[in-house]
Amino acid sequence: MSDGAPSAPFDASALPALRQRLDGWARELGFEALGVTDVDAGPHRDYLAQWLAQGHHGSMLWMERHEALRSDPTGLLPGTLRVISVRMNYRPRDDDPETVLADPRKAYIARYALGRDYHKVLRPRLARLAERIEREAGGQHRALTDSAPLLEKAYGEKAGLGWIGKNTLLLNREAGSWFLLGEILSTLPLPIDDPSTGDPCGTCSRCLSACPTDAFRGPRQLDARRCLAYQTIENKGPIPEALRRPLGNRIFGCDDCQLVCPFTKFSRPTEERDFAPRNDFDRGELLDFFRWDEATWSARTAGSPLRRPGFEGWQRNLAVALGNAPFDPAIVAALEERLETASPMVREHLTWALAEQAAKAP
Ligand code: B12
């Protein structure tokens, strides 16, 4: 793996055979597919610039900070010639998200966050794959998933893993969009795979109209500031009042633009134990989660993506969802009880929720 030492010499004539073996190696590590492409991000550099210029990234300043790097992997690993892109399904078996989403007393948590943090699942396996390539063929490599600044979907599309749908996610005929992406940067001039072409979305725009907060400015143009995944995960401040009722019971992330997608029916459940739901995160009660104190929250979310908004964000999101639930004296009591100890930001959401409950009282 890249440690700055000069890259080991390689035998170019061996690379086509190596390319053939990469698919099997990737499957052994739990990836459903692998593709290889070059470092040219094409029009995506401009799409990113437009998106940033429109402020659609909100408070995700880290998207601004590394703008150039996102479409130039040689900045992440000097001498990079290829991006090796992989995908891993994450939907658990027997998953029933629509039923949970339809029950205002239950907590809806995005399906990618039910089990172990995917960074902890994908990265070590990508590193093992990179080590194996280097042992077999030399060169230098760097493994990354979501962590490092790279336009993962753009490279995934160019590597033939699928097409970017109108909901801006990478879609595939065998998996819908229910998969996560990871990459290995390589200094080896590996054979390049054919990019995905065409637009299987066609005239369908169910995702655009299904978005509960109308976050899409057009096909493939998401204003993240209006996206409930951004509001419940990335935004560390108050949730805009106009987005609180549409949030419903979605306390972490949002899958609506995936659930309505016709290609979702092709998605296959994962056998990956690390992605199996923990602590009833796939169908828990709002009140049960809300009653957790910080120590319990900390213990139950160890190694989970649910850590990202912090305990304050967890409480804020649950307060809004409880405000959206049908009137229930038990909810009112739980909200009032938390007023004492809550931070000013959370207290404002608790007060909002109590007013929503009061407005529904018989
Ligand atoms: C920032 C970010 C977010 C933000 C913003 C989302 C966004 N669309 O940008 C928020 C917090 C909202 C978010 C939400 C989610 N995310 Co996210 N996110 C990222 C991250 C870190 C960067 C994405 C990025 O580069 N955005 C920049 C903008 C400009 O890109 P874009 O909106 O995707 O637009 C592109 C396309 O539209 C494209 N394009 C193609 N044709 C055309 C045509 C025109 C005219 C235009 C304008 C553009 C265009 O150009 C743009 C640039 O490539 C990536 C990881 C990575 N490093 O890539 C994960 C990633 C995209 N997220 C992921 C996931 C799973 C999610 C959620 C499903 C989680 C959830 N359930 O809550 C939601 C889905 C929301 C959605 N519909 O996108 C996965 C997606 C896997 C897949 N199958 O595609 C990724 C790849 C992480 C991973 N390693 O697996 N995410």
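No value in this document is a laboratory result; all are computed from the given coordinates. Predicted, not measured: the structure shown is a model, and the values here were computed from it. Virtual Cβ from ideal backbone geometry, glycine too; neighbours counted across all protein chains shown.
Structure data summary
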| read-out | value |
| --- | --- |
| Set of lysines with alpha-carbon distance to LYS265 below 26 Å, sequence-local pairs under 8 removed | LYS106, LYS153, LYS158, LYS166 |
| Signed unit charges on C-beta, dipole axis of the chain, positive-most listed residue SER343, TYR108, CYS201 | CYS201 |
| Summed side-chain charge close to SER209 - residues other than SER209 whose Cβ falls under 12 Å, Lys, Arg +1, Asp, Glu -1 | 0 |
| Projected area, mean over directions - the chain, Cα convex hull, nm² | 18.5 nm² |
| Neighbourhood charge, 11 Å Cβ-Cβ cut-off, centred on PRO219 and excluding it, Lys, Arg +1 and Asp, Glu -1 | +2 |
| Radius 11 Å from Cβ of ASP274, net charge of other residues (Lys, Arg +1; Asp, Glu -1) | +2 |
| Max mean-square fluctuation residue, GNM over the chain, Cα-Cα springs under 10 Å, options TYR108, TYR47, TYR155 | TYR47 |
| Largest-first principal axis extents, alpha carbons of the stretch 285-362, Å | 42, 25, 17 |
| The stretch 190-243: C-alpha gyration tensor shape, a/c 1.5 cut-off, then a/b vs b/c | oblate |
| GNM top mover of ALA175, ALA330, ALA224 - the chain, alpha-carbon springs below 10 Å | ALA330 |
| Within a Gaussian network of the chain (alpha carbon springs, distance under 10 Å), most fluctuating of LEU18, LEU122, LEU188 | LEU18 |
| The stretch 211-356: C-alpha gyration tensor shape, a/c 1.5 cut-off, then a/b vs b/c | oblate |
| Hz values of 3J(HN,Hα) by residue in the stretch 190-198 - Karplus curve (6.51, -1.76, 1.60), Gly and Pro given as x | 4, x, 9, 7, 5, x, 6, 10, x |
| Alpha carbon centroid spacing (whole Å) that separates the stretch 99-140 from the stretch 325-362 | 35 Å |
| Gain in span if fully extended, ALA14 to ARG220, counting 0.36 nm per residue against the direct Cα distance | 70.2 nm |
| Highest average packing first - 89-100, 274-285, Cβ atoms within 10 Å | 274-285, 89-100 |
